[in-house]
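Here the structure comes first, spelled out in structure tokens, and everything after it is commentary.
The values are calculated or read from the model by the stated rules, or taken from the named source; none is laboratory data. Keep in mind it's a predicted model, so treat the numbers as computed, not measured. Positions of Cβ are backbone-derived with ideal geometry, glycine not excepted, and every protein chain shown enters the neighbour counts.
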Amino acid sequence: MKTGLLETFDPPADEWDANPWPFVAANTAEWYEGPLGILFVSSNRRWEEFRALKHLRAAAIEETSLGAITSGPAWEWSQQVTSWSDGPRHAELRGLFAPAFSASAVNRLRPRLVDICVEAIEQLPSGPIDLAELANNIAYRAFGVVAGITNSAHIDMSVIDTATDLANLWGWHSGRMVDVINRAAVDLRAVVDLLLREQEGLDTLYGRIAAADAEWDVRVAAGMQTLVAGWETTVASILGICHTLLDDPSRLRNVVEAAWSPAAVVEECLRWKPPAAAMMRIASESFQWEELSIEAGHMLVAYTFFIARDCDAYDDPWVFNPARRQIDLPVWGFGAHRCMGVALATAELESLVEAIRVTNPAWALVEQPRWTDPKRAYRPIELIVENG
Ligand code: HEM
């Protein structure tokens, strides 16, 4: 049963060709196969109203997987982490791990993060290269530094694939990937268990998670969550930033000439190509939203891309302009479930832009990339450039 849409969205026609993703997303009500109603939020005014709604809860894993995942390793994991919890359980879990994400701890690492990005860029071979490899490399090494696991023998780049497999849990296609997801949950648990044991007593993200006052299983689940929640979104953001800067060489020039600050570039890039597609919540009680009757159990979806293109909220939203006044970006989510990794992700992305400024790489886009569909973090699948 569908409730229908609260809002529709009418972009300029050329944007339709340039950015197919949002238009796939616009058809959510078509491709979501669930029994739940869908409510679609796509402007800042609605986004503010949405955030203020009282009767919302996190979309449970059995709802996003359309009932396909109600037991097994991934289901058990989901019962122990913040994303899928509500109420007192959520507050308790979040309270346990929030200190591990403090901005001051992350900011101390900024110089090292810039060094990692500079080094990764300088090591690139000349000729045609795929910047997706650079993005993975930076995300891997930066996370390693923050978590304190850079030199661990228990981790290598294959962890990226495992975390990415488990991240499918957040998509509405998850019910069709149960085996992949469950295998990833088992494999990632084993790795994180070892990594946390190694970090016990140290002042690192993983050291602080390992020291939290919770059962060991819950601490391991939180460590897994940071890998899953942090990795693909960060890789997607790195690629989104690189593509945005290369798509119009004057943007890259402005970065190199320091006409725009790294912070402003990152914010505008996250508005321009938001890596996290949709915020989902479930109505915990029935209520009326203007002409729509929302029933308890209905799915409500807010799309970051559409909110970020709202003409009433932004001057010229279809123009890339880091100098613009930003308003609260939907890309980090909202309320009790707002991203815990904002400080970390922001530090990594600003370090990347700073490293691009310092190294002034001679990159030229070879071809326009294909982008992932909204079932995953939104990013170029490959980003091929000529490194001169
Ligand atoms: C640019 C990169 C990132 C983006 C765009 C992003 C985005 C998001 C979004 C949209 C949510 C859900 C918010 C909601 O439903 O209201 C979320 C939750 C979360 N993120 Fe991030 N994230 C990023 C990086 C990270 C990193 C690096 C970490 C940690 C290492 C992280 C940890 C988390 C956690 C733990 C949650 C769950 C919070 C809760 O449910 O209470 N994220 N993130």
Inset, instruction - Could you check, for region 316-332, whether at least one of its residues is aliphatic (A, V, I, L, M), loosely packed, with under 15 Cβ neighbours inside 10 Å and without any contact (Cβ under 8 Å) to a residue 12 or more places away in the chain? - result: yes
Inset, instruction - Return yes when V385 is farther than 30 Å from G87 by Cβ, in a helix (DSSP H, G or I) and more than 12 Å from the ligand (Cβ to nearest atom) and no when it is not. - result: no
Legend entry - Condition met for A323 (outside any strand (DSSP E or B), under 20 Å from L56 (Cα atoms) and away from the ligand (no atom under 16 Å from the Cβ)): no
Legend entry - Residue satisfying condition, being in contact (Cβ under 8 Å) with a residue 60 or more places away in the chain, more than 14 Å from the ligand (Cβ to nearest atom) and more than 25 Å from E62 (Cα to Cα), within set A147, A132: A132
Inset, instruction - Taking R338 as meeting all but one of (1) within 20 Å of T64 (Cα to Cα); (2) crowded, with 18+ Cβ neighbours inside 10 Å, write down the number of the exception. - result: (2)
Legend entry - Single match in A355, A343, A308, A362 (criterion: out of contact with any Cys (no Cβ under 7 Å at 6 or more places or on another chain) and either under 28 Å from M177 (Cα atoms) or away from the ligand (no atom under 16 Å from the Cβ) (or both)): A362
Legend entry - Selection status of L202, away from the ligand (no atom under 12 Å from the Cβ) and part of a loop (DSSP other than H, G, I, E, B): yes
Inset, instruction - Please note which helices (runs of 4 or more DSSP H) are completely contained in region 79-181 and include at least 2 residues that are at pLDDT 90 or above. - result: 87-97, 110-122, 131-147, 158-167
